[in-house]
1. Restricting attention to region 56-83, which residues are part of a loop (DSSP other than H, G, I, E, B) and surrounded by 15 or more Cβ atoms within 10 Å (Cβ to Cβ)?
2. Take region 233-263 and flag every residue that is surrounded by fewer than 17 Cβ atoms within 10 Å (Cβ to Cβ), part of a loop (DSSP other than H, G, I, E, B), in contact (Cβ under 8 Å) with a residue 12 or more places away in the chain and over 22 Å from the mean Cα position of the chain (by Cα).
3. Please pick out the residue among Arg92, Arg111, Arg86 that is more than 16 Å from the ligand (Cβ to nearest atom), in contact (Cβ under 8 Å) with a residue 24 or more places away in the chain, outside any strand (DSSP E or B) and out of contact with any helix residue (DSSP H, G or I) (no Cβ under 7 Å at 6 or more places or on another chain).
4. List the number of the failed condition for Cys138; all other conditions in (1) within 14 Å of the ligand (Cβ to nearest atom); (2) part of a loop (DSSP other than H, G, I, E, B); (3) surrounded by 18 or more Cβ atoms within 10 Å (Cβ to Cβ) hold.
5. For region 161-172, check the following and say yes or no: at least one residue is within 16 Å of the ligand (Cβ to nearest atom) and under 28 Å from Gly218 (Cβ atoms).
6. Select from region 192-223 the residues that are assigned to a loop (DSSP other than H, G, I, E, B), touching a residue at least 60 places away in the same chain (Cβ under 8 Å) and not hydrophobic (A, V, I, L, M, F, W, C) and list them in ascending order.
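Taken together, the values in this text are just the output of simple stated rules run on the coordinates, not laboratory data. This one's a predicted model, so the numbers in the text were calculated from it and none came from an experiment. Methodologically, a virtual Cβ is constructed for each residue, glycine included, from the backbone with ideal geometry; neighbour enumeration extends over all protein chains shown.
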Amino acid sequence: MILEEAPAKVNLALHLRRRRDDGYHELETLFAFAVDGDEVTIEAADEPSFAITGPFADALAGEGDNLVLRAHALFEQEFGATPPLRITLDKRLPVASGIGGGSADAAATLRALARMTGVPVQMLSDVALALGSDVPACLLGRTARGGGRGEMLEAVAGSLDVPMLLVNPGVALSTRDVFARWDGIDRGALPLGDPLAIARAGRNDLEEPARGILPVIGDVLDALRTGTLSRMSGSGATCFALFETAEQRAATAAQIRAAHPEWWCLETALA
Ligand code: C5P
């Protein structure tokens with residue numbers, strides 16, 4: 001059996017620069033990863049099968065085009081058929097929520113299949129991008145600056161190891177709809193510097209468009225104001241806050257769980 005972690009992705013900053021003719025947006029972002037996430041396992045079996053377990057399994061059940069299955073299909077198309085596999089996705093992250101759940105799952109599936117078949121991970125870049133703009137970053141799985149659609153990656157050395165709280169108000173947001181509401185104003189490049197300095201000086205240009213669709217994101221950000229930095233990730237609606245200590249993180253988590261028991265709240269850390 002091969003197990004691959006699919007850690008939650010966080011955009012510490014996300015600057016939109018321009019709308020492209022192909023419908024995508026040119027962006028500059030700082031990708032970072034949590035120490036927690038989904039898990040993908042694959043093992044040889046008599047018959048192919050796919051199962052989803054975990055707290056968010058129901059949110060995905062019935063979706064025929066799960067990114068795990070699309071990653072497997074595209075891998076086979078590119079590198080040849082695999083033996084029959086039992087694939088299991090343990091879905092712990094909320095769906096369509098700006099922390100790359102589906103992208104992380106696809107990347108973990110590619111990593112697991114590459115390990116099983118001996119395909120070098122470096123050969124997976126095109127397949128990864130074909131599955132989604134964030135999949136190459138999730139395949140790398142390290143703090144990195146991202147350009148282009150998000151696929152032009154420059155890894156940043158060192159670990160961040162910062163206590164972090166992730167909070168989602170329990171409503172899925174369509175990435176496409178959020179991008180479509182951007183006002184098209186270029187507010188400037190991602191700054192240079194170390195990751196936390198970039199994060200502090202940066203912004204998320206998708207925050208306003210996402211709040212326009214889901215005003216509750218403003219309430220989530222208010223609840224996270226105790227952090228040293230709080231911001232929405234990706235196209236939302238999940239927001240993150242960074243803290244100096246695990247105790248401060250726990251105190252804010254306790255307040256949020258008491259005031260908003262319906263929100264999803266994960267005490268984690270930046271890797
Ligand atoms: O690449 P992915 O399938 O994850 O993108 C989902 C949608 O998000 C795209 O169809 C596009 O509308 C939007 N998007 C974008 N610019 C990017 C990434 C995503 O406009 N750089």
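1. Phe56, Asn66, Thr82
2. Listed by number, the residues that qualify are Glu244, Thr245.
3. Details: Arg111 fails: out of contact with any helix residue (DSSP H, G or I) (no Cβ under 7 Å at 6 or more places or on another chain); Arg86 fails: outside any strand (DSSP E or B).
When all the criteria are applied, what remains is Arg92.
4. Result: Cys138 fails condition (2) only.
5. Yes.
6. Filtering region 192-223 down to residues assigned to a loop (DSSP other than H, G, I, E, B) leaves 192-194, 202-203, 205-206, 214-215.
Restricting the remaining residues to those that are touching a residue at least 60 places away in the same chain (Cβ under 8 Å) gives 202-203, 205-206.
Passing the criteria: Gly202, Arg203, Asp205.
Residue-by-condition table, conditions (1) under 28 Å from Leu196 (Cβ atoms); (2) within 13 Å of the ligand (Cβ to nearest atom); (3) touching a helix residue (DSSP H, G or I) at 6+ places or on another chain (Cβ under 8 Å):
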site: Ala6; (1), (2), (3): yes, no, yes
site: Glu28; (1), (2), (3): yes, yes, no
site: Asp38; (1), (2), (3): yes, no, yes
site: Ile42; (1), (2), (3): no, no, yes
site: Phe50; (1), (2), (3): no, no, yes
